[in-house]
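Student: Would you mind keeping the following structure in view while I ask a few things?
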Amino acid sequence: MQKVMCRCETVVEIDVPLAVDIDETPETLSALADGDSPSAICPRCGATVRAELPLRVIGKKHGVDLVILPDMERLSAYRGKIDAPGNSEVLVGYQELFERARILRDDLDPRSVEALKYALQGKAEESEPEADITVLYNGTSGGSLEFHVLGLKSGQTGVVRLPDSMYGKMLATLQNSMQREPYKTLFSGRYRSIRKLGFLASIAGSD
């Protein structure tokens with residue numbers, strides 16, 4: 001059991017594993033893809049309280065060995081200074097965990113999806129240069145990959161659908177692009193997210 005403090009300052013106990021094997025419990029992958037995670041209802045205020053990270057997610061059939069760290073460790077992940085076992089890939093926060101679960105559910109290559117997200121984020125930032133843009137993979141729809149673009153004006157969420165053929169082209173060409181920027185930096189280390197590119201660029205710009 002994990003004890004977590006609710007926002008009303010009530011301590012809530014949540015039954016949560018330290019690691020999950022999505023090969024042995026495929027229903028766990030489905031639940032994560034739907035945005036469900038270990039949680040409990042606060043008996044005092046009725047709020048849903050999520051278990052705190054970290055969590056390890058493994059699955060040999062899926063080629064998965066992930067360590068999901070809490071958001072408070074995001075800067076450490078950006079800098080490559082993380083405490084995680086073995087050669088596990090690192091994700092940060094439940095949002096990234098849910099997104100990866102959807103990618104695995106749809107049998108897609110995580111790196112190719114991340115590369116498509118990089119292209120979409122660049123276009124969104126061209127149209128809204130002052131916005132703090134986040135692009136998330138949401139699933140497949142009618143022969144397309146659907147992405148949600150967060151951080152647009154008025155708190156709106158943009159929906160972008162890319163044809164499967166675009167994903168296929170990225171999958172076929174990405175390996176040859178891995179030695180060129182931005183992909184070389186993007187996929188280096190154990191945290192392989194476009195979110196670290198903005199942070200690293202800001203550091204380089206301040207030097």
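Student: Using Cα positions and a limit of under 16 Å, work out the aspartates and glutamates in reach of residue 196, with same-chain residues fewer than 8 apart set aside.
Tutor: Within the straight-line cut-off, residue 196 pairs with 71, 73, 89, 96, 114, 125, 132, 181.
Student: At 222 nm, what value in deg cm²/dmol follows for the chain if DSSP H runs of at least 4 each add -39500 (n - 2.57) and the sum is divided by all its residues, to the nearest 500? Walk me through the numbers on the way to the answer.
Tutor: Values: 7 runs with 75 residues, N = 207.
Helices in the chain give a 222 nm mean residue ellipticity of -11000 deg cm²/dmol.
Student: Something else: If you take every residue apart from residue 153 with its C-beta less than 10 Å away from the C-beta of residue 153, what net charge results, scoring Lys and Arg +1 and Asp and Glu -1? It would help to have the intermediate numbers written out before the result.
Tutor: On the way: positive: none; negative: 128, 130.
Value of the local net charge: -2.
Student: Can you list the residues, at least 5 places off or on another chain, whose amide H is less than 5 Å from the amide H of residue 191, using H built in the peptide plane?
Tutor: Long-range HN contacts for residue 191: 90.
Student: Another one. Hey, which lysines would be in cross-link range of residue 169, C-alpha to C-alpha under 23 Å, not counting anything within fewer than 8 residues on its own chain?
Tutor: Here the lysines satisfying the reach criterion relative to residue 169 are 117, 123, 184.
Student: Okay, moving on. Just one of (i) 16.9; (ii) 12.8; (iii) 13.8 is mean projected area of the Cα convex hull in nm² calculated from these coordinates, so which is it?
Tutor: Only one option fits the structure, namely (iii).
Since every read-out is calculated from the coordinates, none of them should be taken as a lab result. Predicted model only: the values in this text are computed from it and were never measured. Please note: Cβ atoms are built from the backbone with ideal geometry, for glycine as well, and neighbour counts cover all protein chains shown.
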